[in-house]
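The values are calculated or read from the model by the stated rules, or taken from the named source; none is laboratory data. The structure displayed is predicted, hence computed values, not measured ones. All Cβ positions, even for glycine, are placed from backbone atoms using ideal geometry, and neighbour counts span all protein chains on display. In case anyone asks, the SASA skips ligands and DNA or RNA and just uses the protein heavy atoms, side chains included. Shrake-Rupley method; radii C 1.70, N 1.55, O 1.52, S 1.80 Å.
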Amino acid sequence: MSVLSTRRAELAAVRELTVAYGRSSARVEALRDVTLAIAPGESVALWGRSGSGKTTLLHALGGLVAPSSGEVRWLGDSLSSLDVAARGRARAAGIAYVFQGANLLPHFTAYENVAFAAHHAGAGEVHPRELLALVGLEAKLDFLPSELSGGEAQRVAIARALAQRAELLLCDEPTGHLDSDTGTRVLDLIERLHEAYGFALVLATHDADVAARCARLIELHDGRIVSDGRPA
Ligand code: ADP
Ligand code: MG
């Protein structure tokens, strides 16, 4: 095998990452000595029970939480080596989030939520109407988040992430607030868009069936990686 075919290109990575919350006796190590790299286009599940460190690891990959020790890299640059503005630009352009709740701007319509994200990310020409059609919401462009169901709101959040043209999509328990049929449809949509757009996907979940849909499964326990490979 050639060197090229064995080398794993690195989109985002953490090295010997420890993240602690609180001080002295209240100190909790949410992540301990975690090292991993995410390659462009791959689909990765972070799987573990509640409190195992999944959200903290997603936040670290996205530059939303600072390491207590160790390093977070984006496209080969250490995030700590960038100034705040450059870090913000890297994040805005490259990384999108889908949270457990849709976290839409409540006074903006579905259309405006998508358009605002595209504008903020400097994503150039983006067509919110087309993106909302892609997630099956063409009829609800002018609806406010309060007028959408949980599944519909989550689909707007996915369209918003696409509007950023991100290379990395971080999903934190994206179906956690949905019933199982709606959750399955949202996961099908994420999977279809992952294949169509080629962004890397990192999806945190406590649900083994959800995790098994990803090509690579990383299991976290008490802030450490205990396995990393193909799902069984
Ligand atoms: P998961 O997403 O797998 O449930 P988290 O990353 O949210 O795990 O949490 C990992 C650990 O860090 C848990 O023990 C949690 O209580 C703790 N933790 C998370 N966020 C905070 C915070 N803001 N302040 C203090 N402790 C926190
Ligand atoms: Mg979490």
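Tabulated data for the structure shown
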item: Solvent-accessible area per residue for the chain (1.4 angstrom probe, square angstrom); result: 51 Å²
item: Range in the chain, longest, excluding exposed trypsin sites (Lys or Arg not before Pro) [loop by DSSP; at most 12 other beta-carbon atoms within 10 Å]; result: 50-232
item: Over the chain, volume per residue of the alpha carbon convex hull, in Å³; result: 143 Å³
item: Helix-only CD estimate at 222 nm, as mean residue ellipticity for the chain, using -39500 (n - 2.57) per DSSP H run (n ≥ 4); result: -9500 deg cm²/dmol
item: Fraction of beta bridges assigned by DSSP in the chain that are antiparallel (%, nearest 5); result: 50 percent
item: Share of carbon and sulfur in the accessible heavy-atom surface of region 110-232 [1.4 Å probe, %]; result: 47 percent
item: Gyration tensor verdict on region 101-206 (Cα atoms; rounded if a/c is under 1.5, prolate if a/b is larger than b/c, oblate otherwise); result: oblate
